[in-house]
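So the structure is just underneath, and the comments pick up after that.
The values are calculated or read from the model by the stated rules, or taken from the named source; none is laboratory data. The model shown is predicted, which means the values in this text are computed figures rather than measured ones. Using ideal geometry, Cβ is built from the backbone for each residue, glycine included, and neighbour counts are taken over all protein chains shown.
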Amino acid sequence: MVKGAMYAGITGFLQWKDNDMLTGNEAAMALHERLQGFMQKYIYSNETVFWEQLNSAPDRWQAVPIVEELKAEARSQGLWNLFLPDPEYGAGLTNLEYAPLCELMGRVYWAPEVFNCSAPDTGNMETLVLFADDAQKEEWLLPLLAGRIRSCFAMTEPDVASSDATNIAIEIRRDGGDYVVNGRKWWSSGLGDPRCSLLILMGKTSPDNPDRHRQQSMILVPRDTPGITVNRMLPVFGFDDAPHGHGEVTFESVRVPVGNILLGEGRGFEIAQARLGPGRIHHCMRLIGQAEVALEKMCRRVMQRETFGTSLAQQTVTQERIANARIMIDQARLLVLDAAAKMDTAGNKAARREIAMIKVAVPVMACQVIDWAIQAHGAAGVANDYGLAYAYARARAIRIADGPDEVHRNQIARLELRQYRE
């Protein structure tokens with residue numbers, strides 16, 4: 001690992017010694033070392049292969065061969081389902097222990113899938129572990145854990161402000177032994193993948209319930225259920241994210257068994273809150289990995305380019321940006337590790353302020369660092385040759401995904417003010 005990607009510790013968990021990471025958990029340290037070796041041997045060397053296979057395929061909405069090949073290798077090495085804290089299903093790591101691994105995988109956009117650690121499957125598997133009954137786990141969780149299928153999370157809607165989850169309006173109506181789903185969703189990530197077999201959908205089962213937080217439910221919808229129509233795949237700043245993708249989808253009289261409801265009617269908001277906490281920290285750690293890569297690319301570029309008789313690296317404006325990038329990345333990482341430690345020790349609800357803080361701070365940091373890297377590359381930075389335009393598009397989208405900055409800032413402020421009222 002590049003020295004800049006190392007980090008100092010939180011409560012004695014991580015520390016520096018001879019440029020190596022030490023941890024109180026030898027199993028987590030061993031996993032980090034093995035993952036780092038796998039990235040060096042199999043991932044970085046195949047980045048060009050991935051894009052060549054994706055872009056030369058007759059149908060870009062198919063599994064990329066190199067990813068499928070490396071999945072088998074990763075699983076054989078025990079680098080599989082690393083995100084799940086329950087040792088029955090995953091590696092048994094805490095959020096704090098998993099965070100460095102998540103950052104490492106995040107350095108390459110498609111790498112998390114190789115280890116069965118990519119969104120939205122991670123959040124969906126966590127949801128099923130926590131809230132599914134035995135039959136639901138047998139049908140859906142086990143195939144997801146094995147990587148035989150993929151999944152989609154259908155929450156956001158085009159007709160309401162979905163940043164307020166109580167606005168979710170798609171209808172889930174009980175009809176005898178079934179629920180019938182009617183309405184529209186969009187930004188349903190993962191829907192473009194032909195292996196997507198399951199949608200976890202949030203909608204309203206009890207619109208007249210006086211408690212706005214008990215109106216919603218989550219239901220498991222098989223992808224091949226009649227009445228599901230994918231209207232289009234939505235681009236992110238012109239990138240389609242194939243073969244994963246983000247779909248706009250219509251549900252017309254989509255009928256699923258009553259047994260597909262998760263946890264029970266009126267529990268959807270509760271499930272959503274539990275699901276999004278770990279997901280947000282995963283997004284942030286992956287973005288830190290992307291920011292590290294952008295800084296590395298910027299440093300290499302400015303040492304190779306000359307303008308007006310001197311290298312870009314000698315320009316004080318360049319040096320200032322490099323210094324600020326290092327400061328911002330390390331600040332963001334420590335903030336995330338602090339949130340992870342609080343989630344582990346006090347629970348996700350108690351850490352909601354820290355989770356909101358990283359969800360604001362990290363994407364903003366990543367956008368700025370990647371933007372500086374683009375500027376250092378000049379015209380080449382806005383093309384696809386260096387991967388920076390795509391990295392920026394993804395980082396900018398995360399400022400909206402899983403709750404926009406404004407919502408998280410409002411929550412942080414309310415929690416800060418509460419202590420003075422009390």
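Checking residue 267 against (1) crowded, with 18+ Cβ neighbours inside 10 Å; (2) at pLDDT below 95, which single condition isn't satisfied?
Against the list (1) crowded, with 18+ Cβ neighbours inside 10 Å; (2) at pLDDT below 95, residue 267 comes up short only on (2).
Quick one: which of 317, 302, 293 is in a helix (DSSP H, G or I) and in contact with a Leu (Cβ under 6 Å, 6 or more places away or on another chain)? Before the answer, list the steps.
Working: 317 fails: in contact with a Leu (Cβ under 6 Å, 6 or more places away or on another chain); 293 fails: in contact with a Leu (Cβ under 6 Å, 6 or more places away or on another chain).
Testing whether each residue is in a helix (DSSP H, G or I) and in contact with a Leu (Cβ under 6 Å, 6 or more places away or on another chain) leaves just 302.
So the check is Cβ under 7 Å with 6+ separation or different chains; which pairs have a first residue in the range 62-74 that's within 13 Å of residue 118 (Cβ to Cβ) and a second one that's among the polar types (S, T, N, Q) and in a helix (DSSP H, G or I)?
Cβ pairs passing all conditions: 64/53.
Return yes or no: is residue 234 among the hydrophobic types (A, V, I, L, M, F, W, C) and either surrounded by 22 or more Cβ atoms within 10 Å (Cβ to Cβ) or assigned by TED's automatic domain parsing to the domain that holds residue 56 (or both)? Walk me through how you get there before you give the answer.
Values: among the hydrophobic types (A, V, I, L, M, F, W, C): yes; either surrounded by 22 or more Cβ atoms within 10 Å (Cβ to Cβ) or assigned by TED's automatic domain parsing to the domain that holds residue 56 (or both): no.
So residue 234 does not fit the description; no.
Looking at (1) over 27 Å from residue 84 (Cα atoms); (2) in the same structural domain as residue 388 (by TED's automatic domain parsing), which is the only condition residue 253 fails?
Checking residue 253 against (1) over 27 Å from residue 84 (Cα atoms); (2) in the same structural domain as residue 388 (by TED's automatic domain parsing), the one that fails is (2).
Being touching a helix residue (DSSP H, G or I) at 6+ places or on another chain (Cβ under 6 Å) and surrounded by 19 or more Cβ atoms within 10 Å (Cβ to Cβ) is the filter here; which residues of the range 166-178 pass it?
Answer for the range 166-178, where residues must be touching a helix residue (DSSP H, G or I) at 6+ places or on another chain (Cβ under 6 Å) and surrounded by 19 or more Cβ atoms within 10 Å (Cβ to Cβ): there is none.
Pick out the one residue from 132, 154 that is in contact with a Ser or Thr (Cβ under 6 Å, 6 or more places away or on another chain), modelled with pLDDT of 95 or more and under 19 Å from residue 266 (Cα atoms).
Working: 132 fails: in contact with a Ser or Thr (Cβ under 6 Å, 6 or more places away or on another chain).
Of the residues listed, the single one that is in contact with a Ser or Thr (Cβ under 6 Å, 6 or more places away or on another chain), modelled with pLDDT of 95 or more and under 19 Å from residue 266 (Cα atoms) is 154.
Among 167, 182, which is modelled with pLDDT of 95 or more and polar (S, T, N, Q)? Even if it seems obvious, please write down each step before you answer.
Numbers: 167 fails: modelled with pLDDT of 95 or more.
Criteria check complete, one pass: 182.
Does residue 166 meet the test of being within 23 Å of residue 47 (Cα to Cα), touching a His at 6+ places or on another chain (Cβ under 7 Å) and in contact (Cβ under 8 Å) with a residue 40 or more places away in the chain?
Here the answer is no, as residue 166 does not meet what is asked.
Which of the residues belonging to the range 30-85 are loosely packed, with under 14 Cβ neighbours inside 10 Å, touching a helix residue (DSSP H, G or I) at 6+ places or on another chain (Cβ under 6 Å) and of a type in the set (Ser, Thr, Tyr)?
None - no residue of the range 30-85 is loosely packed, with under 14 Cβ neighbours inside 10 Å, touching a helix residue (DSSP H, G or I) at 6+ places or on another chain (Cβ under 6 Å) and of a type in the set (Ser, Thr, Tyr), so the list stays empty.
Any residue that is more than 16 Å from residue 395 (Cα to Cα), buried (at least 17 other Cβ atoms within 10 Å of the Cβ), touching a residue at least 40 places away in the same chain (Cβ under 8 Å) and under 16 Å from the mean Cα position of the chain (by Cα) - is there at least one of those in the range 280-297? Talk me through it step by step, then tell me what you get.
Restricting attention to the range 280-297, the residues satisfying the condition of being more than 16 Å from residue 395 (Cα to Cα) are 296-297.
Among the residues that remain, those that are also buried (at least 17 other Cβ atoms within 10 Å of the Cβ) are: 297.
Those left that are additionally touching a residue at least 40 places away in the same chain (Cβ under 8 Å): 297.
Next, only the ones that are under 16 Å from the mean Cα position of the chain (by Cα) stay: none.
Checked against the condition, which is being more than 16 Å from residue 395 (Cα to Cα), buried (at least 17 other Cβ atoms within 10 Å of the Cβ), touching a residue at least 40 places away in the same chain (Cβ under 8 Å) and under 16 Å from the mean Cα position of the chain (by Cα), the range 280-297 yields no hits at all.
Need pairs with beta-carbon distance below 8 Å; first residue within 20 Å of residue 312 (Cβ to Cβ) and within the range 378-394, second assigned to a helix (DSSP H, G or I) and modelled with pLDDT under 95; sequence gap 6+ or separate chains.
Sorted first by the residue in the range 378-394, then by its partner, the list stays empty.
Among the listed residues 286, 275, which satisfies the condition of being modelled with pLDDT of 95 or more and of a type in the set (D, E, K, R)? So that I can check it myself, show each step before the final result.
Numbers: 275 fails: modelled with pLDDT of 95 or more.
Result of the check over 286, 275: 286.
The rows are residues; the columns are (1) within 28 Å of residue 162 (Cβ to Cβ); (2) touching a Pro at 6+ places or on another chain (Cβ under 6 Å); (3) surrounded by fewer than 19 Cβ atoms within 10 Å (Cβ to Cβ).
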| residue | (1), (2), (3) |
| --- | --- |
| 345 | no, no, yes |
| 350 | yes, no, yes |
| 354 | yes, no, no |
| 365 | yes, no, no |
| 399 | yes, yes, no |
| 403 | yes, no, no |
| 416 | yes, no, yes |
| 422 | no, no, yes |
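Quick one: which residue in 224, 211 is without any contact (Cβ under 8 Å) to a residue 60 or more places away in the chain, under 21 Å from residue 148 (Cα atoms) and loosely packed, with under 15 Cβ neighbours inside 10 Å? Give the derivation first.
Working: 211 fails: under 21 Å from residue 148 (Cα atoms).
Just one listed residue meets the conditions, 224.
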